[in-house]
Amino acid sequence: MNLALNAACFSPIDICKHNYKEIKTGDSSTILFVLSGKVLVSCVECNHKMHLSDVMLFLPPGTKFKLLAIETSVIVKCEMTKNSISQINQWLITLLENYAECEEKCLTLPIKYNLKCFIKLFYQHYSFSGFNNQDFNEWKHDGLFLALKNSYSKKELAAFFSPILGKNIDFKEFVYANYNSVKNLQEFADLAKCSLSVFCREFKKNFGESVYQWILKRKSQYVLQDILSSSIPFQELADKYQFSSQAHFTKFCKQRYNLTPNDLRSSSKTCTSRLLH
């Protein structure tokens, strides 16, 4: 087995005060560890902007998030592989029947002492060339699992990893990797190489809600993220999310968020300005 490919991949992120950093998780699930400082995070999973300090945040594949350093911050990003997720999944198998009932939310846990020591050890020796790559990768993989297992209860970890854990991990990863590129449910089912009825049934079993409701919820979150965290003109956003007109886009925002796009963006700028000053 190629340990370098199967081990969790760590990388440090240092952000100076008032600076931004935009990151995409790609095909891997990601854990973000805020070791020191304070950051403002904007991402679809959060559904709004939130503070992180001495906290870890779990993000499934295909997530785009932005970090704004309220204070100079030291962060470590960990990209989880299928091997890492499978190991955690097997350990949590007794709780899998509860996953479908968990309401998806911003998934955070405080960084406890044992885990912080492990992550800091990696951070301090990240550029040290004396480690054998394969041995170091194996140590990181096993060390992270042990640190999580010894620092948190099964219930806490089940909630933390719930977006991608379950009896059919491959199906969940497939959904997260492709939902943003399909135009309709039939195309989604075709991509999964099954009938629409089978796809919808499998989706409901793994995510606890219908495909339509899940995609609508995430579309709403992406729209909100772009309004709050970018300066993209509203007509351009209406085109991006395939609204028939800017008026339709405004109506959608008022129905989903009780505010117009302009009011949402103005309130976001005011809140961010207060945090920085």
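Worth a mention:
- Residue in region 173-185 that is β-branched (Val, Ile, Thr) and in contact with a helix residue (DSSP H, G or I) (Cβ under 6 Å, 6 or more places away or on another chain) present: yes
- Top-ranked residue of region 36-54 - restricted to ones that are over 12 Å from the mean Cα position of the chain (by Cα) and surrounded by fewer than 18 Cβ atoms within 10 Å (Cβ to Cβ), ranked as modelled with the lowest pLDDT: His48
- Complete set of residues in region 84-117 that are among the β-branched types (Val, Ile, Thr) and modelled with pLDDT of 80 or more: Thr108, Ile111
- Subset of region 206-240 [within 20 Å of Lys172 (Cα to Cα), touching a residue at least 60 places away in the same chain (Cβ under 8 Å) and in contact with a Phe, Trp or Tyr (Cβ under 9 Å, 6 or more places away or on another chain)]: Asn206, Phe207, Gly208, Arg218, Tyr222
- In region 12-33, the qualifying residues are those that are modelled with pLDDT of 85 or more and aliphatic (A, V, I, L, M), and the one that is nearest to Met80 (Cα to Cα) is Ile31.
- Test result for Phe128, part of a helix (DSSP H, G or I), modelled with pLDDT under 85 and either out of contact with any Lys or Arg (no Cβ under 7 Å at 6 or more places or on another chain) or not charged (D, E, K, R) (or both): no
- Residue that is farthest from Phe33 (Cα to Cα) [pool: residues in region 71-93 that are in a loop (DSSP other than H, G, I, E, B) and touching a residue at least 60 places away in the same chain (Cβ under 8 Å)]: Leu92
One line per residue, one yes/no per condition, for (1) out of contact with any Ser or Thr (no Cβ under 9 Å at 6 or more places or on another chain); (2) surrounded by 13 or more Cβ atoms within 10 Å (Cβ to Cβ):
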{"residue": "Ala159", "(1), (2)": "yes, yes"}
{"residue": "Val175", "(1), (2)": "yes, yes"}
{"residue": "Ala189", "(1), (2)": "no, yes"}
{"residue": "Cys194", "(1), (2)": "yes, yes"}
{"residue": "Tyr212", "(1), (2)": "yes, no"}
{"residue": "Lys240", "(1), (2)": "yes, yes"}
{"residue": "Ser245", "(1), (2)": "yes, no"}
{"residue": "Gln255", "(1), (2)": "yes, no"}
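- If you go through region 210-246 and keep only what is under 19 Å from Ser267 (Cβ atoms) and hydrophobic (A, V, I, L, M, F, W, C), you end up with Val223, Leu224, Ile227, Leu228, Ile232, Phe234, Leu237.
The values are calculated or read from the model by the stated rules, or taken from the named source; none is laboratory data. No experiment lies behind these values; they were computed from the predicted model shown. Using ideal geometry, Cβ is built from the backbone for each residue, glycine included, and neighbour counts are taken over all protein chains shown.
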